[in-house]
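Each remark here refers to the structure printed beneath this line.
The values are calculated or read from the model by the stated rules, or taken from the named source; none is laboratory data. Just so it is clear, the structure is predicted and the values come from calculations on it, not from any experiment. When we count neighbours, we look across all protein chains shown, and the Cβ atoms used for this are built from the backbone with ideal geometry, even at glycine.
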Ligand SMILES: O=C(O)CCC(=O)C(=O)O
Ligand SMILES: [Fe+2]
């Protein structure tokens, strides 16, 4: 599978179907417009910044498992730091040509890449095959639970074919030998700030606070956030057959709605309707509604972490502080 010139590892069924589902839930209820056209994403810092710090819990054990595996396979035990963790979704039209993952001056700290597939080619999306330019295997067909690990340098030049249908979701991490780029340090600092601030705000501890208004606005043609398009939280609700309603109007019914007005409305209390029926429950904002939509998966997250959890991980401890705070 790997040779000295192309250090890489492919693991089948490394992530359980349960964790893939939980990460899908988090992605679907929290993602924003991403860094490239037709790409959507969410990061751990983003989850914390939007008052969803408790949703980083399912990532913690997965990150540790992956770090151990990378260190073991590439022979650098206890040397690595996680530089970045993100849920990244590529939709129709997204692709990337031949590149290495450290190919910019500001990416030189990246030593290893790990891509975990959270859904499956042919079933959830079409296109999106991963190719290595040299060495074996040359093509990877994404399957939920499978993981690919490779050095981030020019020994592993790779590309991803254009997505032609559906949405291709990955959990992507980069690892660095440079402690300056340790993601955990930044996350702990963000969590601590939130914790200190939130103590003063008794109500709404767990209610998501949407990010800046343009982060949910998607323009399919240009990738620009302000032209014609749609709000992605509205779109996710629509896919499930729901529409958002403010107290006196239907929200986001036409793409001619101004993105600014629409995003403002989606940050305020709203209700959900399906066909002729208006649901009684009022949600604090659209993200709150989306998180409740996927509550089955959400319930599982809390159940998993309500049991005893090993000590020794400062990030985990920090998140537990969050969870132990009584719910409003
Ligand atoms: O999602 C993948 O399979 C790889 C994506 C990639 O190459 C990148 O983000 O640099
Ligand atoms: Fe890449």
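Quick notes on this one:
- Looking only at the range 62-100, residues that are away from ligand 2 (no atom under 15 Å from the Cβ), in a strand (DSSP E or B) and more than 18 Å from the chain's Cα centre (by Cα) come to 1 in all.
- Residue 10, sole failed condition from (1) at pLDDT 90 or above; (2) surrounded by 18 or more Cβ atoms within 10 Å (Cβ to Cβ); (3) over 30 Å from residue 193 (Cβ atoms): (2)
- Check on residue 106, within 15 Å of ligand 1 (Cβ to nearest atom) and part of a helix (DSSP H, G or I): yes
For every residue, the table says whether it meets (1) at pLDDT 80 or above; (2) not in a loop (DSSP other than H, G, I, E, B).
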{"residue": "208", "(1), (2)": "yes, no"}
{"residue": "214", "(1), (2)": "no, yes"}
{"residue": "220", "(1), (2)": "no, no"}
{"residue": "223", "(1), (2)": "no, no"}
{"residue": "228", "(1), (2)": "no, no"}
{"residue": "244", "(1), (2)": "yes, yes"}
{"residue": "248", "(1), (2)": "no, no"}
{"residue": "256", "(1), (2)": "no, no"}
{"residue": "261", "(1), (2)": "no, yes"}
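- Residue 186 vs. criteria out of contact with any strand residue (DSSP E or B) (no Cβ under 8 Å at 6 or more places or on another chain) and either part of a helix (DSSP H, G or I) or within 14 Å of ligand 1 (Cβ to nearest atom) (or both): yes
- Residue satisfying condition, being surrounded by 21 or more Cβ atoms within 10 Å (Cβ to Cβ), closer than 24 Å to residue 188 by Cα and in contact with a strand residue (DSSP E or B) (Cβ under 9 Å, 6 or more places away or on another chain), within set 112, 40: 112
- Flag if residue 146 is within 12 Å of ligand 1 (Cβ to nearest atom) and modelled with pLDDT of 95 or more: yes
Okay, residues lined up against (1) in contact (Cβ under 8 Å) with a residue 12 or more places away in the chain; (2) more than 13 Å from ligand 2 (Cβ to nearest atom); (3) in a strand (DSSP E or B); (4) on the phi < 0 side of the Ramachandran plot:
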{"residue": "115", "(1), (2), (3), (4)": "yes, no, yes, yes"}
{"residue": "119", "(1), (2), (3), (4)": "yes, yes, no, yes"}
{"residue": "123", "(1), (2), (3), (4)": "no, yes, no, yes"}
{"residue": "126", "(1), (2), (3), (4)": "yes, yes, yes, yes"}
{"residue": "131", "(1), (2), (3), (4)": "yes, no, yes, yes"}
{"residue": "135", "(1), (2), (3), (4)": "yes, yes, no, no"}
{"residue": "142", "(1), (2), (3), (4)": "yes, yes, no, yes"}
{"residue": "145", "(1), (2), (3), (4)": "yes, yes, no, no"}
{"residue": "149", "(1), (2), (3), (4)": "yes, no, yes, yes"}
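- Considering the range 115-124, and only residues there that are surrounded by 15 or more Cβ atoms within 10 Å (Cβ to Cβ) and more than 12 Å from ligand 1 (Cβ to nearest atom), the residue that is farthest from residue 9 (Cα to Cα) turns out to be 124.
- Tally, over the range 81-93, of residues that are in contact with a strand residue (DSSP E or B) (Cβ under 6 Å, 6 or more places away or on another chain), under 27 Å from residue 164 (Cβ atoms) and surrounded by fewer than 23 Cβ atoms within 10 Å (Cβ to Cβ): 4
- Number of the exception - residue 103 against (1) within 14 Å of ligand 2 (Cβ to nearest atom); (2) surrounded by 15 or more Cβ atoms within 10 Å (Cβ to Cβ): (2)
- Residue, nearest to residue 214 (Cα to Cα), within the range 266-296, restricted to residues that are without any contact (Cβ under 8 Å) to a residue 60 or more places away in the chain and assigned to a helix (DSSP H, G or I): 266
- The combined condition, being within 17 Å of the chain's Cα centre (by Cα), buried (at least 21 other Cβ atoms within 10 Å of the Cβ) and within 16 Å of ligand 2 (Cβ to nearest atom), is not fulfilled by residue 172.
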